[in-house]
Amino acid sequence: MTILITGATGNIGAQVIQHLVNHGADVRALVRDPSKATFPAGVAVVKGDLLDVDSLRSAFDGVSTFFLLNAVVPDEFTQALIALNVARSAGIERIVYLSVIHADVYVNVPHFAGKFVVERMIEQMGMAATILRPAYFIQNDVTIKDVITSNGVYPMPVGEKGLAMIDVRDIAEIAALELLRREQAAQPLPITRINLVGPETLTGSDIAAIWSDVLGRPINYGGGDTAAFEQNLKQFMPAWMAYDMRMMSERFLTDGMLSDDGDVERLTTLLGRTLRSYRAFALETAASA
């Protein structure tokens with residue numbers, strides 16, 4: 001049978017597809033513009049998006065397992081609900097949904113709250129699904145490498161509670177393994193949640209210290225001025241999204257983004273190797289600069 005991937009051209013979705021192809025799976029990618037999509041040989045490409053119901057109905061034809069990944073956009077919640085309803089109507093009983101860690105805690109953060117409601121829908125409708133809950137993506141910090149290297153400051157308001165940051169490559173590999181587990185099961189598997197975390201919990205000061213060591217010169221932590229963070233983000237993204245990110249960063253300061261007991265061990269066993277570290281990312285990023 002076929003595994004359908006949404007968010008297929010993004011960083012995580014593209015890696016999920018590659019892992020599935022490497023395992024010999026039959027993969028179909030849903031994309032808005034097939035002419036701009038490049039995938040491994042054998043991947044079927046269908047045109048559509050999560051608000052185009054007719055395109056979803058066509059995309060789900062013959063699909064047995066569904067990976068739902070949708071971007072942080074104003075109608076993210078509507079997209080997810082439509083996609084899940086159409087999938088259920090198509091008889092799809094094997095789902096992996098990419099949510100976010102602490103979706104039930106960061107309830108005032110728009111994109112967290114939206115994902116939590118989607119989780120609740122999956123639960124209340126009795127869907128057979130794995131809900132993946134990743135912490136902060138390590139690769140988010142690619143966007144600030146020039147600030148770090150040029151200004152000597154780590155500017156993200158991470159705070160001193162700590163974030164269990166995870167490499168997106170680990171997220172993609174775990175997602176692929178879960179899709180394969182559900183696809184290959186004799187019967188649809190019960191709902192499960194998996195926190196996706198990195199091997200350590202890092203504070204803003206910890207991250208600045210890593211960069212100091214990697215670059216061989218002092219890098220300071222910029223602190224927790226979330227208002228300034230929002231204003232800076234507004235130069236690069238819509239105001240609503242900048243505000244969303246500010247709300248998230250304020251929860252970093254008050255709650256952190258922490259793993260639960262056993263999370264790291266569970267993921268290490270699932271992958272059969274250690275999780276990638278922030279230090280490894282910093283070394284790779286510095287070497288490529």
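What the table below lists for this structure:
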read-out	value
Beta bridges by DSSP in region 89-214, antiparallel share as percent, to the nearest 5	10 percent
Helix-derived mean residue ellipticity, 222 nm - over the chain, DSSP H n ≥ 4, -39500 (n - 2.57), to 500	-14000 deg cm²/dmol
J(HN,Hα) series, region 150-156, from Karplus relation 6.51 cos²θ - 1.76 cosθ + 1.60, nearest Hz, glycine and proline x	8, 9, x, 9, 8, x, 5
Order of VAL45, VAL105 under a 10 Å beta carbon neighbour criterion, fewest first	VAL105, VAL45
Net dipole in debye of the chain [+1 Lys, Arg Cβ; -1 Asp, Glu Cβ; about Cα centre; nearest 20]	460 debye
The chain: antiparallel DSSP beta bridges as a percent of all, rounded to 5	5 percent
Dipole in debye (nearest 20) - region 1-118, about Cα centre, beta carbon charges: Lys, Arg +1; Asp, Glu -1	160 debye
Qualifying lysines (Cα of each under 20 Å from Cα of LYS234; at least 8 residues distant if same chain)	LYS145
Beta bridges per DSSP with both ends in region 1-117, % antiparallel, nearest 5	0 percent
Residue among THR38, LEU98, MET125 farthest towards the positive dipole end of the chain, charges placed on Cβ	THR38
Rounded, prolate or oblate (a/c below 1.5 giving rounded, otherwise prolate when a/b exceeds b/c) for the chain by Cα gyration tensor	prolate
In degrees, nearest ten, helix 239-255 long axis to first principal axis of the chain (Cα)	70 degrees
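All of the numbers you see were taken from the coordinates with simple rules; none came from a lab. As the structure is a computational prediction, the values presented were derived from the model and not from experiment. Heads up, the Cβs are rebuilt from the backbone with ideal geometry, glycines too, and the neighbour counts pull from every protein chain shown.
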